[in-house]
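Chemist: What follows is a structure written as structure tokens; I'll ask about it next.
Values quoted throughout were computed directly from the atomic coordinates according to the rules given, and no laboratory measurement underlies them. This is a predicted model, so every value here is computed, not measured.
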Amino acid sequence: DKKAQPRASARSTGTMASQTAHAEDVDSILNPTCADVAACSIDRWYPHHKRRTFTTKFVPLDEPFVAWLARDGPAVVPTTKRGARVERRGKTIVENDCELDSDDDGDAAAAPAFPEIEEGVETAIAALGGAAFCKLNWSAPRDAAWLSGGSLRCESAGDCFALLACSEFAAHDACRAYDRCLDKTTGARAAPVLALRKWREVDPAREFRCFLLDGVLVGACQRRADAVFPDLADGSALDDVRERLVALFDGGLRLPRHCVVDVALEPQTAWLVDVNVASSATDPVLFRWDELLALRVVDAAAPRPATGDFELRVVDGEQGLQPAELSSFRAPLDVTAIAEAGGLEEMMRRARDEASTSEDDDDDG
């Protein structure tokens, strides 16, 4: 894949080459400890940054719910009082007890129920104005957005559970979040939590992924690598982005020493959106991890660089585009077509009809 070209870079190639990190430092950063991962859990960093991020309510998760998230096999959405409101291409499909699997006899698979968690989610959504964005400790079910027409907007516990049921990202949080940790068998872990965040539309042209190493902002780039944003085409716009990121990171944030931070820049506010562990499992978007590590100042005696001295990258043109981050997470064409005709219930009905027709043909033969 072709990489986007750096824009408005504050570092020269020579400077980057002189700051190559030692192998042991690289290993300790890209293979973090359980404590490093836990420090990036949203319930750890949110309390210190309430004024700089979206209002969030937390619902603790019990063992049965976590086991459901980590399950193998097709997704089965828990039963809820209100069901899930699924939007597809302008149509609204209400699926009470929406189940994405059936057993060999054609009966609906048994759906679990989590009434206490459901009540907590409904209460949180109501407190947030009736719509929310859901995520677990680290990940949002972005890979399941196809289920609701590309949106992660949740208006009920059913909406939230449906997205989580179809998300590999959610399953990863539940059972594989610590797989790359150096002390994965002994390290302390964060308690599982579901975060409901006040719904807010964010302009993708104003989303940036920022990289902190040793507590220093060393690089930043546009969050989406599959788009060219004309607003970022001129130097003055990039100067503004740089100034606003400097103001945010010089504003007393309390973040892990090594981390990846997603930021949204609105006209009057710079929002802290998410914090991820600095790890080879975290997407560096327009960078490579070896490039980012080369931007570190590894000499302890060297003066701490100014926050504004960081590499800023955007996609200059079509030659710099990369595949969409979630391109492998799409609704199957058959599912999309059936959704337009009537939803998942219709999919199950058609499957049963086809099976019955096949049996009749075999009997006639």
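Chemist: Could you go through the range 71-83 in sequence order and give the Karplus-derived ³J(HN,Hα) for each residue, using 6.51 cos²θ - 1.76 cosθ + 1.60 with θ = phi - 60°, rounded to whole Hz, and x for Gly and Pro?
Modeler: Coupling constants for the range 71-83: 5, 9, x, x, 7, 10, 7, x, 6, 9, 5, 9, x Hz.
Chemist: Based on the alpha-carbon gyration tensor of the range 182-234 and its eigenvalue square roots a ≥ b ≥ c, which shape applies: rounded if a/c is under 1.5, prolate if not and a/b is larger than b/c, or oblate?
Modeler: It comes out oblate by the Cα gyration axes.
Chemist: Report ³J(HN,Hα) in whole Hz for each residue of the range 242-250, in order, from the Karplus equation J = 6.51 cos²θ - 1.76 cosθ + 1.60 where θ = phi - 60°; Gly and Pro get x.
Modeler: 4, 4, 6, 5, 4, 4, 5, 6, 8
Chemist: So who's got an amide H within less than 5 Å of the one on residue 75, skipping anything under 5 residues away but keeping other chains? H placed 1.01 Å off N, in plane.
Modeler: The list, which skips near neighbours in sequence, is empty: none.
Chemist: Scan around residue 277 for amide H atoms under 5 Å from its own, H built in the peptide plane at 1.01 Å from N, and keep only partners 5 or more places away or cross-chain.
Modeler: 260
Chemist: Please compare each pair in 50/184; 50/198; 50/81 to a cut-off of 23 Å on the Cα-Cα distance and tell me which ones are over it.
Modeler: Result: 50/184; 50/81 exceed 23 Å.
Chemist: Spelling out what I want: for every residue of the range 36-46, take phi, set θ = phi - 60°, compute 6.51 cos²θ - 1.76 cosθ + 1.60 (Karplus), and round to whole Hz; glycine and proline get x.
Modeler: Karplus values, whole Hz, x for Gly and Pro: 4, 5, 4, 5, 8, 5, 4, 6, 8, 8, 4.
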